[in-house]
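Just so it is clear, none of the values below were taken in a lab; they were calculated from the coordinates. Since we're looking at a predicted model, the values are computed, not measured. Quick reminder, even Gly has a Cβ in these numbers, built from the backbone with ideal geometry, and neighbours come from all protein chains shown.
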Amino acid sequence: MKLQRLDWCKGTQKLIPFIASGQLRSEFTEPFIHGTYLEAWWRCLKFSKEFIQSSRTGIFTSKASYDTFCMFGPLEDMSFKDWWMTKGHEHFSASITTLQVTLFVKRKNVDAFEITVDAFQDVSSQLAGKEFGFWLDQICLLNAREGLLSEAPLSWPIFRSRITYDAISQLLSIMEIHDQIIRNAPRTKLWQIGEQLRLNPQAMPKFGDFPIDIADKHKAMGQTVSSYLRKGRGLINNASNGVFPKYET
């Protein structure tokens, strides 16, 4: 596993005194959570009818689902910002630190790691040492198993996966659009949705196409949409059962 983070969060320096004094508050940490894997996981849970129903009734299909609920709490009728301010920061703000991980490499065939971090000049060595220990613990958790965010949920600022945040966000958006269209126009075909979203450029019809060509493109586009929906459902089902991010059931 190799990890690089070369982007610096804006306003990180403002967090230093709060981290040093142990006074992290949600209003200071909220800007740091947008566009992260944590937000993607939250969106998956928000989209899961099973998770929302279990949250209402208190009846969960598995211990893993209940454990996920304990981390995130009820999400229905809440924006991401509201959730963070009322519940999310209680568990996840511990992962916000002043250190910037710029390189992490797990050496082949050797149980050893190489970690490079940057810190602002006014970060004390005591605080930096404490935060470095936190990162080390989270990295060890990630590498001990499958490298899933759910196995080290406090590691979301440094988490990297073969399933990118952008890919997850696209899947969730496609599923949201699909459900909205089908709800308002149940007879809509998958290929029609795919053409509206231009999900497969090679399957877009062109002027002069013969009917048989158009039929083949409709089939290919429908298969593309079906594949996206299948991955999205797998991602959401796994997320609600405490496994994230993972497509396969």
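A few comments on the model shown:
- Comparing Asn200, Asn184, Asn238 in a Gaussian network model of the chain, where Cα atoms under 10 Å apart are tied by springs, the biggest mean-square fluctuation is seen for Asn184.
- CD proxy at 222 nm, helix term only [per DSSP H run n ≥ 4: -39500 (n - 2.57); per residue of the chain; nearest 500]: -16000 deg cm²/dmol
- In Hz, Karplus ³J(HN,Hα) per residue of the stretch 167-177 (6.51, -1.76, 1.60; θ = phi - 60°; x = Gly, Pro): 5, 5, 4, 5, 4, 5, 5, 4, 5, 5, 5
- In terms of surrounding Cβ atoms within a 10 Å radius of their Cβ, Arg230, Arg198 rank from fewest to most as Arg198, Arg230.
- Electrostatic bookkeeping for Leu171 treats Lys and Arg as +1 and Asp and Glu as -1; over the other residues with beta carbon under 15 Å from its beta carbon, the sum is +2.
- Dipole of the chain, positive direction: furthest Cα of Leu229, Phe18, Ala144, with charges on the beta-carbon: Leu229
- Dipole in debye (nearest 20) - the stretch 165-240, about Cα centre, beta carbon charges: Lys, Arg +1; Asp, Glu -1: 180
- The angle between the Cα long axis of helix 125-144 and the longest principal axis of the Cα atoms of the chain comes to about 40 degrees, rounded to the nearest 10.
- Overall, the chain carries a charge dipole of about 600 debye about its Cα centre when +1 sits on the Cβ of Lys and Arg and -1 on the Cβ of Asp and Glu, all other atoms neutral.
- C-alpha long axis of helix 37-47 to longest principal axis of the chain, angle in °: 50
- Summarising the amide proton neighbourhood of Thr36: residues at separation of 5 or more, or on other chains, whose placed amide H is nearer than 5 Å comprise an empty set.
- The stretch 19-77 versus the stretch 183-249: alpha-carbon centroid distance in Å: 28
- Listed residue (Phe134, Phe207, Ile158) projecting farthest to the positive dipole end of the chain, Cβ model: Phe207
- Vicinal HN-Hα couplings computed from phi for the stretch 17-29 (Karplus, 6.51 cos²θ - 1.76 cosθ + 1.60; Hz; Gly/Pro x): x, 6, 5, 4, 9, x, 10, 4, 10, 4, 5, 8, 9
- Whole-number percent relative contact order across the chain, with pairs defined as alpha carbons under 8 Å at least 6 apart: 24
- For Val117, residues with placed amide H under 5 Å, excluding near neighbours: Thr102
- Whole-Hz couplings from phi, Karplus 6.51/-1.76/1.60, listed for the stretch 31-36; x for Gly and Pro: x, 8, 9, 6, x, 10
- Rounded to the nearest 10 degrees, the inclination of helix 211-240 to the longest alpha-carbon principal axis of the chain is 30 degrees.
- Ordering Ser93, Trp191, Tyr66 by Cα displacement along the dipole of the chain toward the positive end leaves Trp191 in first place; charges were set at the Cβ atoms of Lys, Arg (+1) and Asp, Glu (-1).
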